[in-house]
Amino acid sequence: MRAVLLTRHGGPEALEFREDVPDPEPGAGEVRVRVRAAALNNTDIWTREGAYGAPDDPEARHGWRREAFAFPRIQGADVAGEIDAVGAGVPGTRVGERVLVDPMLYEGDERALVDTDYLGSECDGGFAELVAVPAANAHAVTSDLDDAELASLPTAATTAMRMLGRAGLTAGETVLVTGASGGVGSAAVQIAKDRGAVVVAVAAKAKHDAIHALGADLVLDRDADLLEALHGAGVDSADVVADVVAGPGFGALLRALAPLGRYVVAGAIAGPLVETDLRTVYLRQLTLVGSSFGTHGDFAAVVDLADRGALRPLVAGRYPLAEIGRAQADFVAKDFVGKLVVEP
């Protein structure tokens, strides 16, 4: 089969497009999926660059374990396609199913999710024509979304679902979403609207129209003074902040919360080291919540939203598999709204 192998840490030159990679065979309890689309994620870039390390490693840019990582590796966590073969114990009737793959490879309760294996990281993923995955992770879909749109959902939308669930967002509450033009942020906007929340999004000014089109009630410029912009728009405070940015703006995000408000974080693209006045936390009795990866239940909820048309992902670019280096360069530039996808 054709596939892209990550052969070492480094730049795009560490990616090798091959046409002679052996086809994977589904093991017991597995299915093989013919990949029609696979979306890019930050994890692909950071793994390629060797930026990960242990959570307590001061030299690591991103704290996520990598003990099991080995080269060569076929990356790509977010896969849409159809089942073309099944392993022992899986009904043959599943062959031909159109599926979306849950990339979180854990068993047991939610505590196991913290140290989960991840498709395309601890095992080969979807930057290939074929991939073998546990049968339970391949969810049949009836959505009218095309394959590239479906592939935009697994990591981003499931992470957003987890964030808003962890924060307990309910109908009528106001949620402030940072990084709203990215995959997680744009999904959070739509999921929050589906829950009946009032959505205030933060994004670069050039991307405001696209974020409004997703259903955001108010979009603020990410370069503006957050509190001034909020109050200028007539919003006193938010009940929930869903943050993937962190960095220097962390203190302002906490000050934007109402008393008893909840701050949930699943990323730190502007920097993981933050500073705030803890009196803001304890005098307003705020709750700070960490979140990463979605559960199998969160993934099933995302599939349900897609099947009933409540989630419309934005595909900003489609690339042939052989041009994954260009796709990753465009991804790093961040001059887009939504997701970038390769189509094997």
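The values are calculated or read from the model by the stated rules, or taken from the named source; none is laboratory data. Note that the coordinates shown come from a computational prediction; the quantities given were computed from them, not determined experimentally. Because the Cβ atoms are built from the backbone with ideal geometry, glycine has one as well, and the counts that use them run over all protein chains shown. In case anyone asks, the SASA skips ligands and DNA or RNA and just uses the protein heavy atoms, side chains included. Shrake-Rupley method; radii C 1.70, N 1.55, O 1.52, S 1.80 Å.
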### Selection from the range 66-95 of residues that are surrounded by fewer than 11 Cβ atoms within 10 Å (Cβ to Cβ) and either small (G, A, S) or in a loop (DSSP other than H, G, I, E, B) (or both)
E67, A68, A70, F71, A88, G89, P91, G92
## Note on the structure
Selection from the range 250-297 of residues open to solvent by less than 30 Å² (accessible area, probe 1.4 Å) and not aliphatic (A, V, I, L, M) yields F250, G251, G261, Y263, G267, G271, T280, S291, G294, T295
### Task
Report whether or not G168 is surrounded by fewer than 24 Cβ atoms within 10 Å (Cβ to Cβ) and either over 29 Å from H212 (Cβ atoms) or out of contact with any Leu (no Cβ under 8 Å at 6 or more places or on another chain) (or both).
yes
### Task
Report yes if H208 is open to solvent by 10 Å² or more (accessible area, probe 1.4 Å), assigned to a helix (DSSP H, G or I), under 17 Å from K334 (Cβ atoms) and without any contact (Cβ under 8 Å) to a residue 24 or more places away in the chain, otherwise no.
yes
### Task
For the range 158-178, state whether one or more residues are at pLDDT 95 or above, closer than 19 Å to V342 by Cβ and charged (D, E, K, R).
no
### Query
For the range 284-344, which strands (runs of 3 or more DSSP E) that fit wholly inside it have 3 or more residues that are within 23 Å of I74 (Cα to Cα) and modelled with pLDDT of 95 or more?
315-320, 339-343
### Query
If K339 passes every condition in (1) exposed (fewer than 15 other Cβ atoms within 10 Å of the Cβ); (2) touching a residue at least 40 places away in the same chain (Cβ under 8 Å) but one, which one does it miss?
(1)
### Task
Output the number of residues of the range 177-203 satisfying the condition of being over 18 Å from the mean Cα position of the chain (by Cα) and open to solvent by less than 20 Å² (accessible area, probe 1.4 Å).
3
